[in-house]
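Here is the structure we will look at, set down as structure tokens.
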Amino acid sequence: MIEVKNLHKKYENIIAVNDVSFKVDKGRTFGLLGPNGAGKTTTIKLLCGIIKPDSGTVSLNGRTDPTLIDVRRSLGVVPQTLAIYEELSAEKNLRFIGRMYGLDSQILNSRIAECLEIAGLSKRKKEKVAKYSGGMKRRLNMVCSLLHEPSILLLDEPTVGVDPQSRNLIFNTIEKIKKQGRTIIYTTHYMEEAERLCDTVAILDHGKILDIDNVANLIKKHGGPSHIEAEFEEIISDIEKIKKYVDNTEIQFENNIIRFKTSRPMESLAKLNQSGLRFHSIKVQTANLEDVFLNLTGRRLRD
Ligand SMILES: Nc1ncnc2c1ncn2[C@@H]1O[C@H](COP(=O)(O)OP(=O)(O)O)[C@@H](O)[C@H]1O
Ligand SMILES: [Mg+2]
């Protein structure tokens, strides 16, 4: 289990982490969703003890000092900046890390083979990392943290700059790791990733957590209305009549198309159906985490 209480971290005049508190139960995946500069990497660094907080506490499986060797052994970290050696092969990178963790050589050999397989690098294990594509490097960077089978995994934007194939491989690996009951913290500025992978998501901006909840609840609380676009088979002649059916005065008309917002899309559509007009097509755009972020901060996740 991970518990973080009132973490503060200031760099010169920037407050990078501002009173951050959260709890992640064993086996759960917790997302930190926020734009560049939100404080995601600083939080990860505080969690694994690379930097010390100005105040506040971190507890990993009940242990409060992440720099102690046995606490380190329970922790896998996938850093945002690649932490692999370009002049070594994938196999040698993994062997080097395994030795650092003091893994027994027989166990190490089978773990290396397994990790190369997970990363899809078995065939190219003897080549220098310098020759790899960006996606291959990211995949290796990820499995380096899995080698010693940690119970807690911290992943800092593991898919930034990768091709769609590598991204899928990374997702599938994380989904497998989740099933093994490991506890995961996943940082990202892609709302689709948080929606797909995380049981609970914290919305982070300017070092502050604005809310923590599961995705459905975050959208319910902060997402705002759904957008409906209905195209009719004929041009709408009686606009006032339609307005009555959707209880909405801000309805937009354009030939045979209407657009409006509603917090109850299914009910609105059922009512509209009673108008007797025939639909050609209907688009319902429900709110997502991007809307949540926009409504909480007034800005988008990505510029
Ligand atoms: N070593 C550092 N020295 C000074 N400022 C830093 C340092 N690291 C991060 N920052 C600042 O702290 C804030 C949070 O950064 P960071 O944690 O890297 O955010 P994120 O990972 O969400 O993009 C940013 O404003 C960033 O410029
Ligand atoms: Mg970062």
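Key figures
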quantity: Whether the range 123-174 is rounded, prolate or oblate, judged on the alpha carbon gyration tensor where a/c under 1.5 counts as rounded; calculated: oblate
quantity: Percent antiparallel among DSSP beta bridges (both partners in the range 7-163, rounded to 5); calculated: 65 percent
quantity: Value of relative contact order over the chain, rounded to a whole percent, pairs C-alpha under 8 Å and six or more apart; calculated: 21 percent
quantity: Gyration tensor (alpha-carbon) shape descriptor, the range 225-286, a/c threshold 1.5; calculated: rounded
quantity: Added length on full extension, which subtracts the Cα-Cα distance from 0.36 nm per residue, E192 to R99; calculated: 29.8 nm
quantity: The range 139-235: GluC sites (Glu not before Pro) in DSSP coil with no more than 12 other Cβ atoms inside 10 Å; calculated: E233, E234
quantity: Computed over the chain, Kirkwood Rh from alpha-carbon pairs, angstrom; calculated: 21.8 Å
quantity: Out-of-range pairs (alpha-carbon distance over 22 Å; input K220/K243; K92/K137; K9/K45; K45/K220; K137/K176); calculated: K220/K243; K45/K220
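Coordinate-derived values only; no laboratory data. Just so it is clear, the structure is predicted and the values come from calculations on it, not from any experiment. Please note: Cβ atoms are built from the backbone with ideal geometry, for glycine as well, and neighbour counts cover all protein chains shown.
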